[in-house]
Every structure is written in structure tokens, then in C-alpha cells.
There are 2 protein chains.
Amino acid sequence: MAEPYDCIIIGGGPAGLGAALYASRDRFKTLVLEKFYPGGQINTTDRIENYPAFDKISGPDLIEKMVNQATQFDAEIKTSTEVIGLKSHDNGMLQVDTEDEMFTARAVILAPGSAYRNLDVPGEEEFRNAGAGVSYCGTCDAPFFKDRKVVTVGGGNTAVEDTLHLTKFASEVVMVHRRQEFRAARVLVEELMAKVNEANSNLNLQLDSVVTAIEGQGKVERAIVKNVKTDQETTIDCDGVFVFVGMVPNTEFVKGFVDLSEHGYIKCDPAYLRTKVPGVFVAGDCRVGAAMQLVTAVADGVNAVMWMKQYFRDPSWWNEGIKDELAPGGW
Amino acid sequence: MAEPYDCIIIGGGPAGLGAALYASRDRFKTLVLEKFYPGGQINTTDRIENYPAFDKISGPDLIEKMVNQATQFDAEIKTSTEVIGLKSHDNGMLQVDTEDEMFTARAVILAPGSAYRNLDVPGEEEFRNAGAGVSYCGTCDAPFFKDRKVVTVGGGNTAVEDTLHLTKFASEVVMVHRRQEFRAARVLVEELMAKVNEANSNLNLQLDSVVTAIEGQGKVERAIVKNVKTDQETTIDCDGVFVFVGMVPNTEFVKGFVDLSEHGYIKCDPAYLRTKVPGVFVAGDCRVGAAMQLVTAVADGVNAVMWMKQYFRDPSWWNEGIKDELAPGGW
């Protein structure tokens, strides 16, 4: 068994790396356990314009900076390491099990992030696994659809951004959205509409509509689309379907250890990011009430560490309410 | 009277600029009212190493980037504009009064930040106002004390950082701290101790001690220091006293409009940053429970805007509890 850590962070995305920077800079023995490689979902973003003070940066570049910053203060990052279970011992120590190893720590910060939500329609899983035309990341896969026709699904920020990105590659893009209105930021919706209204635009909208099936022989050849108001079904011939319908939290592995909401988000006290288990904090998109933005995820990680220090100073604080004197930056 | 805004942000520091970026990027008509010039306290910091993804940057450089980023999306920033009062009208519109003008908006984000805390000892005010040896900002004023002797007071991050900075200029630094232990991050305390233990170090600690008076003829000539355990008083001859004992929130102007805690922090629902007045949010160091870090202040501003959008979609949400479906980044 490895030597105990002060702090184990589960997840090496923006929330986990924000936590790692602060924990290691404070000289806490810090371990980040990352299922794949650092960055998480943000790695699939090519153009970030809303991380304050960065005019424009790609996801991978931003993550590289964050990793370098945290590791220079000796945070340890283990990649390709999946956590399969957690336990809280009577002495307050926390145990984190991976497939090959067992770690212990005084505090754990859960920052597993979230994953792409599926449409759950026939053909989706089959063509996704085969790499045969179903994708969840426009930034990643757009170049594969040069001069081809694609269908995109969704109405949020990512849906609009990635649809616009795809118009630069595909010969034609049909955006299918189940409502008339878009959840995306207005500046993005304006950009979308400007594109739709261009002369000879290669972008068309199919509103009040959902994709009910993805069909083809060995690869995507068409999407079946249903109008939710008229129930009328149409077929769109295409070479690919991009699914942009949001995220689901990666919280399966903590089920039964901490409390989850109906939709699988980790329940917490939002003032302090405490779960129901003493010493176990939560940060980022996986928690109830998260704003799902890059900088808010990073700040969640930082907040979790600030409150972890409060917990280390006084473990009985765990069950106390909010007090402004606790503000960790105070005198 | 000016045309109504969607969003008025009071305070142009990191929290206010984070909010301004998100509000303007979402095409909300956005006004930032700043008492002095953008940046607030962070302008007095020369070396920031804990804003994730920036290895090292100065406060003024970071603020310049944030201002440029927000104004490129048309956020309006009025400097040298002090807010003197707020009102909520029956129709839900909010009124913001400055000395010269009156503005209205659908939502207000309070982000006034905080100011230096005083020692409240004889001589402090007199010498401060005269620019005669009392300072609250090592980064700003250290060069004025080249080859001179100074006393610093405090034990937090800023106290340690700025004391170390001063040792590069002053011939001798005496750091007075009322406890044995430091609140500062361990990495900083280690750096401090290494400096103290250098051969012929120009840094000495006077622990368990407080400054009780600052004396001199027209300028600082000595500090009177009392040991809190023995009550013994000593005199330290010096040319300057640097006071690093924390911050107080700049919330005098909202007293009676929103609720304040005993120490003057704005009370809010930390999940959504809502105050008791519908449409009035709070962000940054001025609120109860703030972690008092740069990135957490920025994220507060972003969070306030995300929840402001929820309020605009459904004003009745103001009095509802937390629901994970509300997560604004959801589908």
C-alpha cells in the first residue's frame, strides 16, 4: 500500500487541475487519478473564448498549461487509472481503490466531470463503436467529413458552435433541434442565423424535430427525423450524424458512497462543496447546481481545497453551517 | 435618464469583469460601474502564480486582458463612478444612483470587492494620509524603502509575499505577527523561513506581537510593539510600517438594501449568489463565504450571470430551492 496522501483528486479535468494547483502549492501531498489523460471534455474544444483573461486558446493548450503549473508544485498525476470504489474508515481516513492499487488520503475531491449524452436511438451505438459516422465532437471529427453531408442534433452552446465549425468542412449541414428556441448564448445564435441566411448557405435548420434512427449498410447513410408537432417522419441522406445533446455526470462509481440526484449529479452543500461523507468534497460539472463552465469548474476545484484546509484545521466544521468569519482569505 | 440596461455590474475587479465578459458575450446590454479604475485590489499585485493556466502574470497585465476581452463584446465600463444608492421598483426594475447619474437595469450584480483593513492604532491614519511611511501594498511601495528599515504586520498570504518582496529593497525588515503560526500557504511560509535562516538575513520575525502605535516627527520613525503573552512593549526604529492584516468588504453603500453579515459581507444564497432582493446578485470577495481567491472571484461573476439568465427566463425562480435540472449548461 502506498503512503497516505493528504489529498486525492479524482479526475484530471479543469476542476481537478484547479484543485491540484492549490493543494500542491500549499504543500499538501497530492495525487490526481485520471481515467484517461488530463483534460477531460475540454480537450475536444478547439477554440475557447470564455476563459477570462485568455482571448482565445484551444482546450489542449489550456490543459497543458494547467498540468505544467500543478506539477511544478509536485502534484502527482496518474493517467489511465480508473477509480472503482471508495471507502471511509472509522479513523476518518479515506480509501480509494483502482483496479491495480489502493490509495489512502485525509481528503478526497471528486472531480470526475461528465460525458456525452446519447440520443438512445437505433443505429447510434453501432455506428459510434464502428467509427462509421456517429460522433459527439465536431472539433475532433469535422475534418473527416470534408465535402460530405452531415446532420447535427441539439440546441445548446456546443451544438451551435460545433455546427458552425462543421459548415467549414461539410458540403451540407442539417441542424435538427427539438424546439424552436435555442438554449445557446445569443451571440452564437446570431452567428448561426447569419450563416443560415447567407446566399447559397450550406446550413439548414430542421426545428421542432428529433432524430429517431440512424441507418445505413456498415456506415451512416441516412437519419430518420420526426417533427414533434406533426409526427411526420422524413429521411435525410447523410454521411454522418453529430450528437450535441448535453452531458451526463461520470458518477456511477460513487453511487452508494455519496448521494446522487435523480439525474446522477453529486449532492453537496454548494457553499462548501461538502458531500455527506466527511473529508469528501466535490468540484466541477459532476455536482448538483454546477454552472457547467470552464472557469466555474476550475474555481470549484480551488474552493474545494480552500474548504479542505478548513476541514483539516477543524474536522468538526464538517457539520456546521456557513459563517463569514470562516472566509479562508480573512485575517 | 439613460436607456435601461439588462445588467449593471457594480465593481470592475476580477468578479465584475468575469461577469461583464459573460453578460456581454450573451448580448445583454451591460454596464460596469467602477469607483476608481478597473482591477481593484489585484492591481496592487505584481506576481500572480495561482490563476490557473497563467504560470506567472502581474495584476495590471491580467486586468488589461480581462478588460479587453469584455469590451470586445461591447460591455460598457464607466470608471471613476461611485454608486451611492440602489432601489428596487415595484415593476422589478432596479435603479442605481451615482453622484451624477441614474441608471436602471433588469438585474444588478454587486461586485464591489474589499479594501485594506487598518490596524486602528495611533499614527496610522496620519502617516498614511501624508504618504509618510505607512503603506498597505508592498508591491506598490517597496522601491521607496530602498536601504531603509521597515516593519511589516500580518501573517496571511499577502503579508508573507509582500514581506519577502520588501527584503529585496529594505536594508532590514521586521515582521510582526500576533501569533506563532501563519495562515499563509505552507509554500510561502517555507520561503519565509528560508529567508529568515539565511546567513546575515535582513529579515527578522517578532511573533506573538502586535503594533500598538506608529510614531515620528512628520514621518514614521518608530513602531511600538507589544508582546501579547508578556505585555512587554518594545520600540523598533524604522522608516516605514507596512500593514498586511486583511480586507474589509466595500459594502457600506448597500447597507439597508441587502442584508449584511456582522462583518459587513453581503448575505446570499451561495448556490445561486442571490441576495434577498429579486434581480440583485453578488459576486466576489464582498460576499459571505467567499474563498477570497482571484479565480473564485472571477467564477463568482460568471456564476452570477448564468443564474441571472435563469432569473430572466423565470423570475419566480428567485424564491425556489436548488434543482439539478436547473444546471444552466444542461441540454
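Here, each number is a calculation from the coordinates, and none is a lab measurement. Treat the numbers as computed from the prediction; the structure is a model and nothing was measured. Neighbour counts run over all protein chains shown; Cβ positions are idealised from the backbone, glycine included.
A point 7 Å from Cα along Cα→Cβ stands in for B:H89, and the other copies hold the same point at 6.4 nm, listed in rising order. In order along segment A:148-153, the phi-based Karplus estimate (6.51 cos²θ - 1.76 cosθ + 1.60, θ = phi - 60°) of 3J(HN,Hα) comes to 10, 10, 10, 10, 10, 10 Hz; Gly and Pro are listed as x. Rounded to the nearest angstrom and listed largest first, the equivalent-ellipsoid semi-axes of segment B:1-89 from its Cα gyration tensor are 25, 15, 10. Measuring nothing but how far apart in sequence close Cα pairs (under 8 Å, 6+ apart) lie, relative to its length, segment A:118-243 scores a relative contact order of 31 percent.
In chain A, Cα pairs under 8 Å separated by at least six residues give a relative contact order of 19 percent. From largest to smallest, what semi-axes in whole angstrom does segment A:199-331 give when each is the square root of 5 times an eigenvalue of its alpha carbon gyration tensor? They are 46, 17, 13 Å, listed from largest to smallest. Axis-proximal residue of chain A for the rotation onto chain B, reported as residue and distance in whole Å: A:A299, 2, based on Cβ position.
Taking only the Cα atoms of chain B, the ratio Rg/Rh comes out at 1.03, with Rh defined as the Kirkwood radius. Each of A:M193, A:M292, B:M306 was scored by other Cβ atoms within 10 Å of its Cβ. Listed from fewest to most, they are A:M193, A:M292, B:M306.
Straight-line cross-link partners of B:K29 among the lysines, defined as a Cα under 19 Å from its Cα and at least 8 positions apart when in the same chain: B:K78, B:K309.
Size estimate for the protein assembly as shown follows the Kirkwood approach: the inverse of mean 1/r over distinct Cα pairs works out to 26.6 Å. Largest mean-square fluctuation among B:P270, B:P52, B:P315, in a Gaussian network model of chain B whose springs join Cα atoms under 10 Å apart, belongs to B:P52.
Close amide H pairs (under 5 Å, H built 1.01 Å from N) link A:T212 with A:I224, A:V225, A:K226, residues at least 5 positions away or on another chain.
Write down the percent of antiparallel bridges among all DSSP beta bridges whose residues are both part of chain A, to the nearest 5. DSSP beta bridges in chain A are roughly 45 percent antiparallel.
If you run the Gaussian network model on chain B, springs between alpha carbon atoms under 10 Å, then out of B:A130, B:A271, B:A199 the most flexible one is B:A199. Taking the Cα centroid of segment B:84-121 and of segment B:159-203, what is the distance between the two, rounded to the nearest whole Å? Here the two parts' Cα centres lie 39 Å apart. Cross-link reach is defined here as a Cα-Cα straight distance under 15 Å, omitting same-chain residues fewer than 8 places apart; for A:K267 the aspartates and glutamates meeting it are A:E252, A:D259, A:D285, A:D300, B:D324, B:E325.
A point 7 Å from Cα along Cα→Cβ stands in for B:E101, and the other copies hold the same point at 5.8 nm, listed in rising order. Label-point spacing for A:R179 across the identical copies (point 7 Å from Cα in the Cβ direction), in nm and ascending order: 4.9.
Annotation: lysines with alpha-carbon distance below 24 angstrom to B:K219 (same-chain offsets under eight excluded): B:K146, B:K149, B:K168.
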